[in-house]
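Notes to accompany the following structure.
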Amino acid sequence: MNLSLGLQQCSAPATFTGKVVTTRVELRSAVSAARRAGQRIGFVPTMGALHAGHLSLVETSRAECPYTVVSIFVNPTQFGPQEDFLRYPRDLQADLQKLVPLSVDLVYAPPVEEMYGPGFGTFVDVAAVTSVLEGAFRPGHFRGVATVVLKLFQQVAPDVAYFGQKDYQQTVVIRRMVEDLDLGVKIVVCPTVREPDGLALSSRNVYLSPEERQQALVLWRSLQLAHRLVSEGEQRASVILGAMRGLFAAEPDVRLQYAALVDPDNLADVPLVTAPTLAAVAAFVGTTRLIDNRLLAPNS
Ligand code: AMP
């Protein structure tokens with residue numbers, strides 16, 4: 001079906017002219033036609049509530065692949081029982097509108113029942129890299145992520161899939177799964193898109209009050225501080241992390257969950273920053289949980 005999904009009711013003049021499908025059967029037939037035509041398939045998995053960060057992934061796919069599929073699916077299995085699955089922002093029509101200028105070939109927006117049929121009982125557990133950072137605070141999160149990404153890879157059968165550095169640990173988990181399960185999908189990681197003041201774009205930023213929006217800047221400020229200390233020659237993780245935590249301590253409505261300096265490949269804690277290192281933070285700002293990270297490169 002070639003849907004404008006009621007967009008004629010919107011005031012914006014352009015409508016989404018690509019294809020929107022909601023079932024695996026329609027997806028498979030659309031993608032296999034592109035594949036038969038010899039087109040390289042690029043895939044951008046998302047949970048919708050699209051922003052410029054998502055769109056940068058789509059642009060990169062469009063630049064590198066003649067056929068681009070975007071999935072929009074709020075995946076229940078990656079949310080914990082106390083998390084925001086029910087209130088997660090959903091607006092398919094607004095998302096399609098944002099995709100209009102990017103000439104996406106296909107949007108796949110399955111309902112939950114299409115992804116998780118009755119009796120569903122198979123999950124993917126990636127070891128080691130899922131037990132730290134996000135994994136330590138969101139038990140089961142990466143099990144849900146790996147499972148849904150594997151299913152989407154099976155359904156879309158892309159050549160290349162695009163992910164954001166914003167969710168750095170996710171990219172490590174997906175790379176591990178692709179390698180371990182011989183999935184043969186190339187993984188491309190795109191830089192984090194930020195607001196002009198440094199706040200990483202996130203679908204969850206809409207939850208922030210204006211005051212919380214200001215306080216949320218402490219995540220980026222702490223990463224910038226780590227970067228500055230390292231560029232000034234500081235190597236001791238204890239000193240760098242102490243300085244980062246000090247910034248969080250000065251924000252009474254922000255509750256730090258972790259500030260960490262880890263090996264970018266295996267996510268193990270590093271005691272000394274003598275090689276490229278990932279600085280990662282997670283914190284609640286009010287009731288909104290935000291994450292951010294940046295790579296630190298010590299002076300050689
Ligand atoms: P989500 O909809 O949160 O599941 O994100 C879908 C994809 O967009 C993931 O690969 C994210 O890492 C990526 N993404 C989210 N926010 C950003 C951002 N600010 N910059 C770049 N990519 C992002």
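The values are calculated or read from the model by the stated rules, or taken from the named source; none is laboratory data. Fair warning: this is a prediction, and the values are worked out from it, not measured in the lab. For neighbour counting, all protein chains shown are included, and Cβ atoms are generated from backbone atoms with ideal geometry for every residue, glycine included. SASA here: full protein model, heavy atoms, side chains in, ligands and nucleic acids out. Shrake-Rupley method; radii C 1.70, N 1.55, O 1.52, S 1.80 Å.
Data overview
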item: Accessible surface ranking that places the most exposed of ASP253, ASP95 first, with a 1.4 angstrom probe; result: ASP253, ASP95
item: Summed side-chain charge close to HIS141 - residues other than HIS141 whose Cβ falls under 13 Å, Lys, Arg +1, Asp, Glu -1; result: -2
item: Packing rank of 41-47, 27-33, where each peptide gets the mean count of other beta carbons within 10 Å, highest leading; result: 41-47, 27-33
item: Environment charge at GLY198 (Cβ cut-off 14 Å; Lys +1, Arg +1, Asp -1, Glu -1); result: +3
item: Pair-distance profile P(r), taking every C-alpha pair of the chain, with 20 angstrom steps and integer %; result: 32, 57, 11
item: Rounded to 5, the percent of DSSP beta bridges in the chain classed as antiparallel; result: 50 percent
item: Debye log10 I(q)/I(0) at q = 0.19 Å⁻¹ for the stretch 184-300, Cα point scatterers; result: -1.00
item: 19 Å tail of the calculated P(r), the stretch 46-195, as % of Cα pairs; result: 55 percent
item: Carbon and sulfur %, accessible surface of the chain computed with the full protein complex present, 1.4 Å; result: 53 percent
item: Solvent exposure of the stretch 248-300 as accessible area per residue, Å², 1.4 Å probe; result: 45 Å²
item: Above-threshold pairs, the threshold being 23 Å between Cα atoms, out of LYS98/LYS166; LYS151/LYS186; LYS19/LYS166; result: LYS19/LYS166
